[in-house]
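Input: a single structure, listed below in C-alpha cells.
The values are calculated or read from the model by the stated rules, or taken from the named source; none is laboratory data. Everything numeric in this text was worked out from a predicted model, so none of it was measured. Here the Cβ is made from the backbone with ideal geometry for all residues, glycine too, and neighbour counts use every protein chain on show.
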Amino acid sequence: MSTVLDILGTAMMTAGTGFLLMAAFAFWRLPDLLSRLHALTKADTAGVALIVCGAACMTSGIAAVLSLVLCGVLVALSGATTGHLIAQASLEDEERA
Amino acid sequence: MTQLFDALLAVGIVGVAVAALFANDRFAAVGAFMVMGFLVALSWVRLGAPDVALAEAAIGAGLTGALLLRSARRLRVEPKMCQSRWSVAASGLISIGFAGLLYAAITSVPTVPAYPPLVAERLGESGVSNPVTAVLLNFRAWDTLLEIAVLFVALVLVIVVPVSRVRPAPLGEMVVPFAKVVVPLSVLISGHLLWQGADAPGGAFQAGAVLAGGGLALVLAGAMRLKKPLQGGILRATALSGLAVFGAAAVATAALTGHLLGYPDGQAKIWILGIEAVLTLAIAATLVLLFHGSVRRVPK
C-alpha cells in the first residue's frame with residue numbers, strides 16, 4: 001500500500017514541478033503582462049495543487065495533510081486574487097494613458 | 001541531493017539580491033527583495049532555526065515588503081539608478097571587507113558558545129519547553145521588553161508625523177471574498193502560533209505578524225476604517241498596550257519576587273502566555289498602523 005502511495009505521490013510531485021517550470025518558462029518567454037498573467041495564475045495553482053496532493057500521499061497523519069491542504073488553498077486563493085488585481089490595475093493604467 | 005539544494009539556495013539568494021540592487025524599476029526591486037526574504041527564510045529552515053525562519057518570512061519578507069511597496073507607491077519620482085561606478089565599487093569593497101571581518105570574528109571564537117548548555121540545563125525552570133521562548137520570555141525577557149519599546153517608538157513616530165493614508169478604494173470587489181477567507185484563517189493560524197510557541201517554533205512576533213497580515217487584508221478591502229475615531233482608537237490603544245502591559249508585568253513581578261521579570265515559582269507559563277497574548281495583539285496592531293500611516297489630518 002505504502003509503495004503504491006509513494007509512487008503516486010512522486011508522480012504527482014513530478015507533474016507539479018513540471019507545471020511550475022512551465023509557469024516560469026511562460027513568464028520568461030511570453031511577450032506582455034496579460035498573457036504572462038494568464039499562464040502564471042493557472043499553471044502556478046495547478047503545480048502547487050499537484051505538489052500538495054503528492055506530498056499528502058507521502059505523509060502520514062491528518063495534521064500534516066491538513067496543513068498541506070491549507071497551503072494549497074492559500075496559494076490558489078491569493079494567486080487568483082492578485083492575478084485579477086494586477087490585470088485590473090494594468091487596464092486602468094491603459095485607460096488613463 | 002540536499003547539498004545541491006543548499007548550493008542552489010545560496011546562489012539564488014545572492015542572485016535575487018543582485019537583481020534587487022540593479023533592477024531598473026522600484027517595484028521590481030521590492031519584488032526581488034521580497035523573494036530574497038523568502039529564500040533567506042528557507043535557508044534558516046535548512047540551518048535548523050525554524051523560529052528565525054518564521055519571523056523572517058512573516059516580518060522580513062511579508063510585512064517589510066508591504067511597507068516598502070506602500071512607500072514605493074508614494075515616491076513618484078524614479079530614483080537615479082545609475083550611481084557613479086566609484087561609489088558602487090567603494091560600497092562593494094566595504095561590504096566585502098565587513099563580511100571578511102565577520103568571518104574572522106566567527107572563526108576566532110575558540111569554543112562553542114556557553115548559552116545552549118546553560119539553557120538546556122535550566123529549561124525545566126522556565127515554564128516552557130521551547131528553548132527559544134524560554135530565552136525570549138524568561139531568561140532574557142528584559143531584551144524582549146526593550147524590543148517592544150523599539151516598536152513603540154516607531155509607532156509613536158508614525159502617529160506624530162502625518163503622512164498620507166492608504167486609500168483602499170480602487171482595489172475593487174475581488175478583495176472582499178479574499179479577505180473573507182484570509183482574515184479568519186490569519187486569526188486561526190496566529191492563535192495556533194501563539195499557543196504552540198510554548199513547546200515548538202512560534203511565539204508572539206510570528207503570531208502578531210500573521211495577524212497583521214489579516215489586518216492588512218481588512219484595511220485593503222475597506223472593511224477596517226481607521227479614520228473612524230472608534231476603530232482607529234481601539235487599534236491605537238491595542239498597539240500601545242503591548243509596552244504598557246509588559247512594563248506592568250515587569251513591575252508586578254518585581255513586587256512579587258524581587259526580580260524584574262522573575263516570575264513566581266511554578267507560575268512562569270501563565271505569565272509567559274499572558275504577556276505573549278497581549279504582545280501578539282499589540283504587535284499586530286502596531287504593524288497594521290505602520291502600514292496604514294497616521295490617522296491625523298495632513299495640515300494644508
### Task
Consider only pairs whose beta carbons are under 8 Å apart and that are at least six residues apart or on different chains; among these, list those whose first residue lies in the range B:241-256 and is under 19 Å from B:ALA285 (Cα atoms) and whose second residue is surrounded by 14 or more Cβ atoms within 10 Å (Cβ to Cβ) and aromatic (Phe, Trp, Tyr).
B:GLY242/B:PHE152; B:LEU243/B:PHE152
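Matching residues to (1) surrounded by 14 or more Cβ atoms within 10 Å (Cβ to Cβ); (2) modelled with pLDDT of 90 or more; (3) charged (D, E, K, R); (4) touching a strand residue (DSSP E or B) at 6+ places or on another chain (Cβ under 6 Å):
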site	(1), (2), (3), (4)
B:ALA244	yes, yes, no, no
B:LEU261	yes, no, no, no
B:LYS269	yes, no, yes, no
B:LEU281	yes, yes, no, no
B:LEU289	yes, no, no, no
### Task
Please state which one of B:GLY12, B:GLY60 is in contact with a helix residue (DSSP H, G or I) (Cβ under 6 Å, 6 or more places away or on another chain), part of a helix (DSSP H, G or I) and closer than 24 Å to B:VAL135 by Cβ.
B:GLY60
### Message
Report every pair of residues separated by at least 6 positions or lying on different chains whose Cβ atoms are under 8 Å apart, first residue within the range A:66-85 and in contact (Cβ under 8 Å) with a residue 40 or more places away in the chain, second assigned to a helix (DSSP H, G or I) and of a type in the set (Val, Ile, Thr).
### Response
A:GLY83/A:THR41
### Message
Given the criteria surrounded by 18 or more Cβ atoms within 10 Å (Cβ to Cβ) and part of a helix (DSSP H, G or I), does B:ALA249 qualify?
### Response
yes
### Task
Restricting attention to helices (runs of 4 or more DSSP H) lying wholly within the range B:83-168, give those where 2 or more residues are in contact with a helix residue (DSSP H, G or I) (Cβ under 7 Å, 6 or more places away or on another chain), modelled with pLDDT of 80 or more and within 26 Å of B:GLY242 (Cα to Cα).
B:131-134, B:141-160
### Task
Taking the options B:LEU188, B:LEU240, name whichever one is surrounded by fewer than 18 Cβ atoms within 10 Å (Cβ to Cβ) and either over 16 Å from the mean Cα position of the chain (by Cα) or farther than 22 Å from B:ILE159 by Cα (or both).
B:LEU188
### Task
Using the structure shown, decide if A:ALA15 is small (Gly, Ala, Ser), at pLDDT 90 or above and touching a helix residue (DSSP H, G or I) at 6+ places or on another chain (Cβ under 6 Å).
yes
### Task
Determine if the range B:257-264 includes at least one residue that is in contact with a helix residue (DSSP H, G or I) (Cβ under 8 Å, 6 or more places away or on another chain) and closer than 20 Å to B:LEU157 by Cα.
no
### Test: residue in the range A:10-32 that is in contact (Cβ under 8 Å) with a residue 24 or more places away in the chain, out of contact with any Gly (no Cβ under 9 Å at 6 or more places or on another chain) and surrounded by 14 or more Cβ atoms within 10 Å (Cβ to Cβ)
no
### Task
Answer yes or no: is there a residue in the range B:187-209 that is closer than 17 Å to A:THR82 by Cβ, free of Cβ contacts under 8 Å to residues at least 40 places away in the same chain, in a helix (DSSP H, G or I) and within 12 Å of chain A (Cβ to nearest Cβ).
no
